[in-house]
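Participant: This is the structure I have questions about; it appears just below.
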Amino acid sequence: MALHKGPEKPDERPLSVNPFYGEANPVGGMTEAPPKHRMPDGPISPSTAYQVVHDELMLDGNSRLNLATFVTTWMEPQAGVLMAECRDKNMIDKDEYPRTAELERRCVAMLADLWNAPDPSAAVGCSTTGSSEACMLAGMALKRRWSKRNPKPGARPNLVMGINVQVCWEKFCNFWEVEARLVPMEGERYHLDPQAAADLCDENTIGVVGILGSTFDGSYEPIADLCAALDALQERSGLDIPVHVDGASGAMVAPFLDPDLVWDFRLPRVASINTSGHKYGLVYPGVGWALWRDKEALPEELVFRVNYLGGDMPTFALNFSRPGAQVVAQYYTLLRLGREGYRAVQQSTRDVAMAVAEKVESLGDFRLLTRGDQLPVFAFTTAPEVTAYDVFDVSRRLRENGWLVPAYTFPPNREDLSVIRVVCRNGFSEDLAALFVEDLTRLLPELRKQSGPAIRDKGAATGFHH
Ligand SMILES: *Cc1c(COP(=O)(O)O)cnc(C)c1O
């Protein structure tokens, strides 16, 4: 959430409201628009309020053309109906809404099975508002486990991860006072290197985060190799470092499209996994999931039991109240698609991603960093001989056609590299993809005529969010 300030200056003069919206009633109807920066003195009619808010929102982008976000922007109408039916349900009232709580439990059980927990009945997990909250919870469990095995006063805990981690891990380290030990990018390696990660570990390392896959370019980090490097470290030094897999996107892609890739609870070192139900889990925002392999991986003292809503349900969460509709929608989607349905949806998204990546490459001006064959996401940069324009120009010009595609620079040690990232999602159909390639192709002759990259303030040019 942006941290907002109050108004710079108060509303100067009242604006008029469209007479229709004011119900075209010169007697009781409204003629002046309500103030924007303080509460109006009295109520206005629901239809006027609706029109005023609705009109203001018209200037938001079209979410289906947003190729910057990983978050679900289309669900079928039945899911919408179900969510509307559940919008009054508070997830925390487990006793009042026992069936919603039961659906949450079933989702956890399905994910434990999907992620190959050796004993799904021993796995524990919960829904969250998204992966960020799930990562906070998983990080807290790692930190608590470390402080129990290493109670030396004054020791400072650290967490090892690639520099390409999503911002939620920087938040975790900042909020919970854990040192972030980051493996930099090197050459053509745009994510964590297993040996470099193991080399950063010591007796105060609470865990290592592996990402499936990286928000920067959609690549899967080598989770099995990471575990092997940590196995070797344990043999040498006795240090037993758990791994958390941040599967915000990939934990709902790899099980269906890459069943032979071993990244999940099949690896004994993997203590916990998170995913965003609202990314490739195919549910509207905001729902996420956090699962631990077993009770040992989630220290009991972090679990709260409240009885004042009735019942005595154990919970692990940052929020108290939270909407139940998204959890219901997650259950609906798991039930509706099944494994074969998820496979088909993710495969068609990957097919689109790979086809668009190939077309972009064939234009000749660009070099692909990834090809959409892991996450259905690809990143590309301008070819070395292209000097008339850069990726920031491409991003800005695509915006003229309604496409939101972020351009951004990479972190150390590849700050020299600027890329564009295209995130393909369910709903970015072959038709839309063809239009995207057409628009990009049409821009190139103009871009090639530029005398050089046009955008100075790179950060402001493109609204990039990991
Ligand atoms: C999106 C993302 C997150 C944050 O997830 P939210 O559900 O948006 O809170 C964390 N890690 C990775 C790898 C991501 O892609």
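A quick yes/no check of all residues on (1) surrounded by 23 or more Cβ atoms within 10 Å (Cβ to Cβ); (2) not charged (D, E, K, R):
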{"residue": "Pro157", "(1), (2)": "no, yes"}
{"residue": "Glu179", "(1), (2)": "no, no"}
{"residue": "Gly213", "(1), (2)": "yes, yes"}
{"residue": "Ala229", "(1), (2)": "no, yes"}
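Participant: Does at least one position in region 335-344 carry a residue that is crowded, with 21+ Cβ neighbours inside 10 Å and touching a Cys at 6+ places or on another chain (Cβ under 9 Å)?
Facilitator: Checked against the condition, which is being crowded, with 21+ Cβ neighbours inside 10 Å and touching a Cys at 6+ places or on another chain (Cβ under 9 Å), region 335-344 yields no hits at all.
So that you can scan it fast, the table gives a plain yes or no per residue for (1) outside any helix (DSSP H, G or I); (2) basic (Lys, Arg); (3) modelled with pLDDT of 95 or more:
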residue: Phe320; (1), (2), (3): yes, no, no
residue: Val327; (1), (2), (3): no, no, yes
residue: Ala344; (1), (2), (3): no, no, yes
residue: Met354; (1), (2), (3): no, no, yes
residue: Lys359; (1), (2), (3): no, yes, yes
residue: Thr370; (1), (2), (3): yes, no, yes
residue: Asp393; (1), (2), (3): no, no, yes
residue: Asn401; (1), (2), (3): yes, no, no
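Participant: Report, by residue number, each residue of region 413-440 that is of a type in the set (Ser, Thr, Tyr) and either modelled with pLDDT under 95 or over 18 Å from Tyr389 (Cα atoms) (or both). Full working, then the answer.
Facilitator: As a first pass, look at region 413-440 and keep what is of a type in the set (Ser, Thr, Tyr): 418, 429.
Ser429 - this is the single residue of region 413-440 that is of a type in the set (Ser, Thr, Tyr) and either modelled with pLDDT under 95 or over 18 Å from Tyr389 (Cα atoms) (or both).
Participant: Right, next: Tell me, which residue of region 231-266 that is closer than 21 Å to Pro299 by Cβ and in contact (Cβ under 8 Å) with a residue 12 or more places away in the chain is surrounded by the fewest Cβ atoms within 10 Å (Cβ to Cβ)?
Facilitator: Here the residue is Leu239.
Participant: Step by step: first the residues of region 202-217, then only those that are assigned to a strand (DSSP E or B) and closer than 24 Å to Leu368 by Cβ, then the one that is nearest to the ligand (Cβ to nearest atom). Which residue is that? Working first, answer last.
Facilitator: We begin by selecting, within region 202-217, every residue assigned to a strand (DSSP E or B); these are 205-212.
Adding the requirement that they be closer than 24 Å to Leu368 by Cβ leaves 210-212.
Details: Gly210: 10, Ile211: 5, Leu212: 8 Å.
The residue in question is Ile211.
Participant: Got a number for residues in region 282-299 being surrounded by fewer than 24 Cβ atoms within 10 Å (Cβ to Cβ), more than 19 Å from Val327 (Cα to Cα) and out of contact with any Pro (no Cβ under 9 Å at 6 or more places or on another chain)? Walk me through it before giving the result.
Facilitator: Taking region 282-299 first, the residues surrounded by fewer than 24 Cβ atoms within 10 Å (Cβ to Cβ) are 284-286, 294-297, 299.
Restricting the remaining residues to those that are more than 19 Å from Val327 (Cα to Cα) gives 294-297, 299.
Now narrow it down to the ones that are out of contact with any Pro (no Cβ under 9 Å at 6 or more places or on another chain): 295-296, 299.
The qualifying residues number 3.
Participant: Related question: Please go through (1) among the hydroxyl-bearing types (Ser, Thr, Tyr); (2) part of a loop (DSSP other than H, G, I, E, B); (3) buried (at least 24 other Cβ atoms within 10 Å of the Cβ) for Thr387 and return the number of the only condition it doesn't satisfy.
Facilitator: (3)
Participant: Restricting to region 112-142, give me the number of residues that are more than 16 Å from the ligand (Cβ to nearest atom) and in a loop (DSSP other than H, G, I, E, B).
Facilitator: Step one: list which residues in region 112-142 are more than 16 Å from the ligand (Cβ to nearest atom), which gives 112-114, 116-124, 141.
Add one more test, that the residue is in a loop (DSSP other than H, G, I, E, B), and what stays is 116-123.
Residues in region 112-142 being more than 16 Å from the ligand (Cβ to nearest atom) and in a loop (DSSP other than H, G, I, E, B): 8 in total.
Participant: Still on this structure, please answer the following. Just to check your reading of the model, which residue among Arg189, Arg149, Arg145 is modelled with pLDDT of 95 or more and more than 16 Å from the ligand (Cβ to nearest atom)?
Facilitator: Arg145
Participant: Let me ask you something else. How many residues are touching a residue at least 24 places away in the same chain (Cβ under 8 Å) and not in a strand (DSSP E or B) when one looks only at region 269-302?
Facilitator: 20
Participant: With the condition kept exactly as written, say whether any residue in region 223-232 is out of contact with any Gly (no Cβ under 8 Å at 6 or more places or on another chain), under 23 Å from Phe70 (Cβ atoms) and at pLDDT 95 or above.
Facilitator: No, region 223-232 has no match at all.
The values are calculated or read from the model by the stated rules, or taken from the named source; none is laboratory data. Just so it is clear, the model here is predicted, and its values are computed rather than measured. Positions of Cβ are backbone-derived with ideal geometry, glycine not excepted, and every protein chain shown enters the neighbour counts.
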